[in-house]
1. Looking at VAL183, is it in contact with a Ser or Thr (Cβ under 7 Å, 6 or more places away or on another chain) and either crowded, with 19+ Cβ neighbours inside 10 Å or assigned to a strand (DSSP E or B) (or both)?
2. Quick check on TYR19: is it aromatic (Phe, Trp, Tyr), free of Cβ contacts under 8 Å to residues at least 60 places away in the same chain and touching a Lys or Arg at 6+ places or on another chain (Cβ under 9 Å)?
3. Identify, from the list ASP175, ASP144, ASP151, the residue that is open to solvent by less than 40 Å² (accessible area, probe 1.4 Å), under 15 Å from the mean Cα position of the chain (by Cα) and of a type in the set (Asp, Glu).
4. Given GLY9, GLY45, which one is on the phi > 0 side of the Ramachandran plot and surrounded by fewer than 17 Cβ atoms within 10 Å (Cβ to Cβ)?
5. Looking at this structure, is PHE182 in contact (Cβ under 8 Å) with a residue 12 or more places away in the chain and out of contact with any strand residue (DSSP E or B) (no Cβ under 6 Å at 6 or more places or on another chain)?
6. Among the residues of region 214-232, count how many are open to solvent by 70 Å² or more (accessible area, probe 1.4 Å) and basic (Lys, Arg).
7. So, of the residues in region 73-110 that are surrounded by fewer than 20 Cβ atoms within 10 Å (Cβ to Cβ) and acidic (Asp, Glu), which turns out to be nearest to the chain's Cα centre (by Cα)?
8. Under the condition of being closer than 22 Å to ILE96 by Cβ and among the polar types (S, T, N, Q), which residue from region 12-65 is modelled with the lowest pLDDT?
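The values are calculated or read from the model by the stated rules, or taken from the named source; none is laboratory data. The shown structure was predicted, so the numbers you read here are calculated from the model rather than taken from an experiment. Cβ placement follows ideal geometry from the backbone for every residue including glycine, while neighbour counts extend to all protein chains displayed. These accessible areas exclude ligands, DNA and RNA; they are computed on the full protein's heavy atoms, side chains included. Shrake-Rupley method; radii C 1.70, N 1.55, O 1.52, S 1.80 Å.
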Amino acid sequence: MADEIPSKGILKSEALKQYILETSAYPREHELLKELRKATVQKYGNLSEMEVPVDEGLFLSMLLKITNAKNTLELGVFTGYSLLTTALALPNDGRITAIDVDKEAYEVGLEFIKKAGVDHKINFIHSDGITALDQLVNDNQEFDFAFADADKSNYPNFHERLLKLVKVGGIIAFDNTLWFGFVAEDEEGVPDHMREYREALIEFNKKLALDTRVEVSQISIGDGVTLCRRLI
């Protein structure tokens with residue numbers, strides 16, 4: 001297929017990727033996350049590559065626990081693999097505000113979220129990101145942690161709003177910032193349907209590197225996760 005999504009990951013070899021998954025990721029994956037991953041592949045086929053990979057999910061889970069996050073925001077849900085990961089990591093009284101335009105995809109994961117007994121932690125907002133974030137800003141909401149995995153072209157706009165929503169010392173995580181490794185390749189070698197986000201992310205990465213309001217660390221897991229710790 002011309003518009004097929006590449007396999008997520010930037011490791012030099014598929015063998016190394018599989019070694020990581022099979023040795024340390026799959027054995028630690030929650031059974032309901034595994035079931036959700038399989039259900040996503042069954043329903044969406046190649047589009048299932050949009051969900052976070054298992055090793056990235058484990059990283060996010062540990063990060064949430066290390067930072068003692070309790071009130072979190074997720075921008076871009078798809079079928080909810082990262083959402084369920086977060087819900088399982090948070091304490092029983094933790095809360096997640098989840099935003100996505102695709103309610104049908106969210107409902108695929110909702111079955112597994114309910115099975116896990118963590119649906120009470122989630123407030124799903126059926127909306128585009130900008131509209132929902134603006135409303136949260138107007139409502140003076142505050143979050144410990146935010147995970148952005150939606151429209152990459154809007155990452156700069158999301159960033160400005162998330163800086164108003166995430167507390168000082170809190171974490172904003174942007175997914176896909178290495179865009180399947182294409183950010184480091186010449187445009188001519190990048191599939192046409194991947195070029196728009198490649199260019200957007202190259203510019204976004206440059207802006208983040210110069211943003212003195214945050215401390216930045218770009219992690220080479222999945223196809224890149226950039227962590228921003230709010231300083232001011």
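1. Details: in contact with a Ser or Thr (Cβ under 7 Å, 6 or more places away or on another chain): no; either crowded, with 19+ Cβ neighbours inside 10 Å or assigned to a strand (DSSP E or B) (or both): yes.
The answer is no for VAL183.
2. Against the criterion (aromatic (Phe, Trp, Tyr), free of Cβ contacts under 8 Å to residues at least 60 places away in the same chain and touching a Lys or Arg at 6+ places or on another chain (Cβ under 9 Å)), TYR19 does not qualify.
3. Numbers: ASP144 fails: under 15 Å from the mean Cα position of the chain (by Cα); ASP151 fails: open to solvent by less than 40 Å² (accessible area, probe 1.4 Å).
Exactly one of ASP175, ASP144, ASP151 is open to solvent by less than 40 Å² (accessible area, probe 1.4 Å), under 15 Å from the mean Cα position of the chain (by Cα) and of a type in the set (Asp, Glu), namely ASP175.
4. Working: GLY9 fails: surrounded by fewer than 17 Cβ atoms within 10 Å (Cβ to Cβ).
That would be GLY45, the only listed residue that is on the phi > 0 side of the Ramachandran plot and surrounded by fewer than 17 Cβ atoms within 10 Å (Cβ to Cβ).
5. yes
6. Residues in region 214-232 being open to solvent by 70 Å² or more (accessible area, probe 1.4 Å) and basic (Lys, Arg): 1 in total.
7. ASP102
8. SER48
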